[in-house]
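Here the structure is laid out as structure tokens; the discussion comes afterwards.
What follows draws every value from the coordinates through simple rules; no lab data is involved. Keep in mind it's a predicted model, so treat the numbers as computed, not measured. Counting neighbours? That spans all protein chains shown, and the Cβs are built from the backbone with ideal geometry, glycine included.
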Amino acid sequence: MNIVIIGLGYVGLPLAVQAAKSGFTVTGFDIDTFKVADLERGRSILPEINSQELLELIKSSKLCLTSKLEKQANSSIFVIAVPTPLNQEREPDLTMLEAACLTIAEVVQDGDLVINESTSYIGTLRNFIKPIIQKESSLINLKFAVAPERIDPGNKIWSITNTPRNVAGLTREAGQEVVKFYEKICNEVHLRTNPEEVEAAKLIENAFRQVNIAFINEVAKLATKLDFSIHNAINAASTKPFGFMPFYPSIGVGGHCIPVDSHYLTYSAKKVDMQLEFVDFANKLNLSMANFIVEEIRQKYNFDFKDKLIQIAGIAYKSNSSDIRESPALALIELIRSRGARVIWHDSLVNTFGNEKSVDLQANIDMGIIISPHDEMDFSIWRDQNKLVLDFSPTPRNFGWNKFI
Ligand SMILES: NC(=O)c1ccc[n+]([C@@H]2O[C@H](COP(=O)([O-])OP(=O)(O)OC[C@H]3O[C@@H](n4cnc5c(N)ncnc54)[C@H](O)[C@@H]3O)[C@@H](O)[C@H]2O)c1
């Protein structure tokens, strides 16, 4: 059985490596020729991918990486792992998903199984992926399934193998085959009734985080007005052994999942003329945090941003990741610059963004702002010089500085 992974990013690459390690013959396909060339040299931006291991899998022909997909000799499983972003109107942009379906249609053979791992709105497998591939390939004996990825890049505890996986097929046979495949990759596989339940579960998981982060961000705003420590209050609430789960305030949510997926959920509702007001509000509240923080800094510290030098520590959307997609730090930087300040940033994992480069932590700044500190960041230069530093990272730590304004 050949496994063909379409898209070698945060989701597709770890799957390709794990499938090859589990004994499958894997073809990893990506339209990005530079990425494929880098990977062939063992170079990946994902910390969980071991360069040596990658090179050995390639050398032993267990894993083949390519930008040109050919028909496979044996029957195949195609796994789609391409981006599903938002368009200008913040609605689903399925252009890359459609392109992936067209690629599959060119090489798929009767009896093959197509699995979607990309996150999308409820009904995507049945009403979008299947019709395109069936029409373009003119094949009627194809099987379709979903198995949304839950990977948390940089998480040292939960990996592709020990994170339980929900799967479902459009037919009983597709369901059985998708289970058989993921049982080789993951320790725990749950076959669900239909793809819509699984697609919905994925969106619920991420909207749940969006909503709870928004809730605690709103209470954090209150905490700054009433002058109590939001982190101490959350820690106090966390002593309740049941019915409470802590979420921590931040300058907003980022990454390819939380800020994006909730729009795929609201879009699912829009298609049946419904509005998910709760989710919409959570999204707005999280987007409002950068503005709130800048205003609070101005008022609480009587701080005029004009001509000040501000350094941001960590611009990735979360700690120990180089991913800057939808990172709220970028909105904050823009906002502070619009107030006339000079902003430099330090992020040893991102290193370059646009024309800008990471700058080592500096002593001659007027203010330091911590957003996404990576484990390797050493703040002693700021601590020793007793700099004004505000820490907006959601991870509860104690630098001895203001936790949240
Ligand atoms: N990143 C995460 O933590 C995460 C977690 C769970 C689910 N997801 C979902 O998984 C999907 C993929 O996300 P990602 O983070 O891996 O994206 P990514 O941007 O890291 O990687 C996607 C890869 O697909 C390639 N690609 C784009 N169009 C293609 C095409 N037509 N054919 C072949 N390759 C193509 C890109 O070049 C890129 O290398 C998205 O739907 C995302 O929402 C992501």
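Listing for the model above:
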item: Nearest-20 debye value, segment 1-160 charge dipole, Cβ charges on Lys, Arg, Asp, Glu; result: 320
item: Restricting segment 291-394 to chymotrypsin sites (Phe, Trp or Tyr not before Pro) in coil, as DSSP defines it, with at most 15 other Cβ within 10 Å; result: Tyr301
item: Residue-by-residue Karplus 3J(HN,Hα) for segment 63-76, coefficients 6.51, -1.76, 1.60, Hz, glycine and proline x; result: 10, 10, 10, 7, 10, 9, 8, 10, 4, 8, 5, 9, 5, 9
item: Cα coordinate range in segment 2-160, projected on the principal axes (Å, largest first); result: 41, 40, 28
item: Amide H partners (placed H, <5 Å) of Ile312, local residues excluded; result: Ile344, Trp345, His346, Ile369
item: Dipole of the chain [Lys/Arg +1, Asp/Glu -1 at C-beta], most positive-end residue of Ser137, Val26, Ser372; result: Ser372
item: The chain - percent relative contact order, Cα under 8 Å, separation 6 or more; result: 11
item: 10 °C / 1.306 mPa s Stokes-Einstein diffusion coefficient of segment 211-307, Kirkwood radius on C-alpha pairs, µm²/s; result: 104
item: Over segment 139-274, volume per residue of the alpha carbon convex hull, in Å³; result: 169
item: Loop sites in segment 7-49: trypsin sites (Lys or Arg not before Pro), DSSP, at most 13 other Cβ within 10 Å; result: Arg41, Arg43
item: Against the rule of thumb 2.2 N^0.38 Å, how large the Cα Rg of segment 75-125 comes out; result: 1.23
item: Rounded to 5, the percent of DSSP beta bridges in the chain classed as antiparallel; result: 10
item: 222 nm mean residue ellipticity, helices alone, for the chain (DSSP H n ≥ 4; -39,500 (n - 2.57); rounded to 500); result: -11500 deg cm²/dmol
item: Percent breakdown of C-alpha pair distances by 10 Å bin, ordered from the shortest bin, for segment 119-216; result: 15, 40, 32, 11, 2, 0
item: In Å, descending, principal axis extents of the Cα set of the chain; result: 69, 48, 41
